[in-house]
Amino acid sequence: MLETSDKVQQSLESRPSGALLKLMDAYGYDVLGSREWLEGDRLYRLGFQYAAVEMLIREYFLGEETFKGKKAYETEWKGKNKSIVYGKGDVNADAVIVRKPSPTEKTVPWRALLDYLPQPPLPLFVIDLSMKFLHTPEELSKLRLQLGVTLSVIREYLWDAHMSITGADEETAKWINEVMGVNKVAIVNARPSEVLWGYDADKVIILRPDASTPLKPDDVMTADAFLIGGIVDKIPRPGLSRMLDSLVPWGVPRRIELKGSVIGVPERINRIVEVLLKSRYLYGGDIEKAIITTMSKKDRIARAYREIVKYSNDKGTNRVNNDLYEQLRSWLPLTYDEFLEAARRAHVEVVNSG
């Protein structure tokens, strides 16, 4: 897969992928191989981002060893093609990812990547678990799973150092690590303010659905950190997210909305983080595009339900025609079956237009 987009290349600069490419440039390497196991799907999809994160979290080295493989990924970097070879093939690698370098070979340690990464590692995504004790066992299970998936999402753009879990005692940290595996996430029994102060995070966005002000593109692009409550509300607890404001007094509360409403905006922690990352690193601050490409079927139906109810109330009718579906489909990735399901839940009849 060959990437040539200028926007993609610019976004690489402060990310692990960019750090690895810069490191390879510094040593004159153009083709990277790996003696360590790499997951094929992630390698083909994420390329140098995935390879760099594996180096950082598993503390691998780059060694100048003889290695041949099949070209799995390629990107253009400052006028040169940089590629990764893996598995059986006949393409020679200039450098190879290794766990234990040979004492006779020239090697580059994983810490060399840190020289090309932002210090402190901002933006920081802070998930606070101080309200963990309010959860039911089922909610806790879902919360832990969401934290594990959140780390996977962050690794597609940044790496573990950009994630911090606060309000977690030793037992909670162990409980979280069971789903995270090998990681370098900061899991601490401290208040978010203490962590953010240590990272020199001046501009902190507190995300909560009941904030009075919507999140804006400039917020996403310039924030040093985002604070998210580690809350899974299977049982609704109105106003609970407002507790976050007191945890970081200098933070700015914001809500993520889609065309003036929070209905249909993904609620899971991992999807909230995905929206923020996509908006910042893929879509140049376009929050709505990030939301639309992250919505689940449940989210799309919820938003269609809201639009159908609003339309039928405005028109004073319990019938809608297919024209409304076409209107919604112009901005919402909605299937016709999802539209019909939303109408059924709204007790609104769908009739053919004309």
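The values are calculated or read from the model by the stated rules, or taken from the named source; none is laboratory data. In this text, all values refer to a predicted model and were calculated from it rather than measured experimentally. So basically every Cβ, Gly included, is an ideal-geometry build from the backbone, and we count neighbours across all protein chains shown. These accessible areas exclude ligands, DNA and RNA; they are computed on the full protein's heavy atoms, side chains included. Shrake-Rupley method; radii C 1.70, N 1.55, O 1.52, S 1.80 Å.
What the table below lists for this structure:
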| item | result |
| --- | --- |
| Partner lysines for Lys216 [C-alpha distance under 16 Å; skip if fewer than 8 residues away on the same chain] | Lys203, Lys259, Lys278, Lys289 |
| Angle between the chain longest axis and helix 336-345 axis [Cα atoms, degrees, rounded to 10] | 50 |
| Whole-percent carbon and sulfur share, accessible surface of the chain, 1.4 Å | 48 |
| Residues of the chain: accessible area per residue with a 1.4 Å probe, Å² | 48 |
| Nearest-20 debye value, the stretch 1-115 charge dipole, Cβ charges on Lys, Arg, Asp, Glu | 180 |
| Residue-by-residue Karplus 3J(HN,Hα) for the stretch 88-96, coefficients 6.51, -1.76, 1.60, Hz, glycine and proline x | 7, x, 10, 8, 6, 9, 7, 9, 10 |
| Net charge contributed by nearby residues that have their C-beta within less than 9 Å of Tyr60 (K/R +1, D/E -1) | -1 |
| Over the chain: helical MRE at 222 nm, DSSP H runs n ≥ 4 each giving -39500 (n - 2.57), nearest 500 | -11500 deg cm²/dmol |
| Dipole in debye (nearest 20) - the stretch 60-149, about Cα centre, beta carbon charges: Lys, Arg +1; Asp, Glu -1 | 180 |
| Lysines whose Cα lies under 28 Å from that of Lys88, excluding same-chain neighbours fewer than 8 positions away | Lys22, Lys68, Lys70, Lys71, Lys80, Lys100, Lys106 |
| Radius 15 Å from Cβ of Val350, net charge of other residues (Lys, Arg +1; Asp, Glu -1) | -2 |
| Principal-axis tilt of helix 297-315 within the chain, Cα atoms, nearest 10 degrees | 30 |
| Unit charges on C-beta of K, R, D, E only; dipole of the stretch 297-350, Debye | 200 |
| Sequence-distant aspartates and glutamates (8 or more away, or on other chains) whose Cα lies within less than 13 Å of Lys78 | Glu3, Asp6, Glu13, Asp25, Asp30 |
